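What follows draws every value from the coordinates through simple rules; no lab data is involved. Bear in mind the structure is a predicted one, so any value in this text is a computation, not a measurement. Don't worry about glycine lacking a Cβ; one is built from the backbone with ideal geometry, like all the others, and counts go over all protein chains shown.
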Amino acid sequence: SIWHTIQKGNIVVLPPYTLHCYTICADYDFKHYCLCMDLDVLYDKRMKEDLENGSVSILNIIDRHPPCARYIEDIFISEKDKKDGWELSIIGNIHLSFGAFKESNYFKICSSACNQSVYYKICNFIEKHYKEDI
């Protein structure tokens, strides 16, 4: 298992089908946001592959890159309000966020064979071999 210590302003991106949980280690006014997304929305196929194979820990991006905080906030506002074009707004802000992560060199993959979820491997296998007698 992989552990990420998360503080205010941090972001963690987990591979698909990864079982996860969190623990609050002190008496903090704790707030978290969770965004589940289909990685196929990413135009950068290399980034998509990296995200499928490992977790990403992005430290203090919210404090260091204020526009990124706005992109992420806009994702959740768009999802909540669901005004015309809300899906496109979310996809656009996802691209702006990940672009900021890479541009600022905060995009660090923590990859290894053990990081990839067993559930992702099973789903991948079934997807590739569903026509066979498995």
### Task
May I ask you to list the trypsin sites (Lys or Arg not before Pro) in region 6-102 that are in a DSSP loop and have at most 15 other Cβ atoms within 10 Å of their Cβ?
8, 31, 82, 83
### Net charge of Cβ neighbours under 12 Å - reference residue 48; Lys, Arg +1; Asp, Glu -1
-4
### Net length gained if the chain between residue 63 and residue 35 were fully extended (0.36 nm per residue, minus Cα distance)
8.1 nm
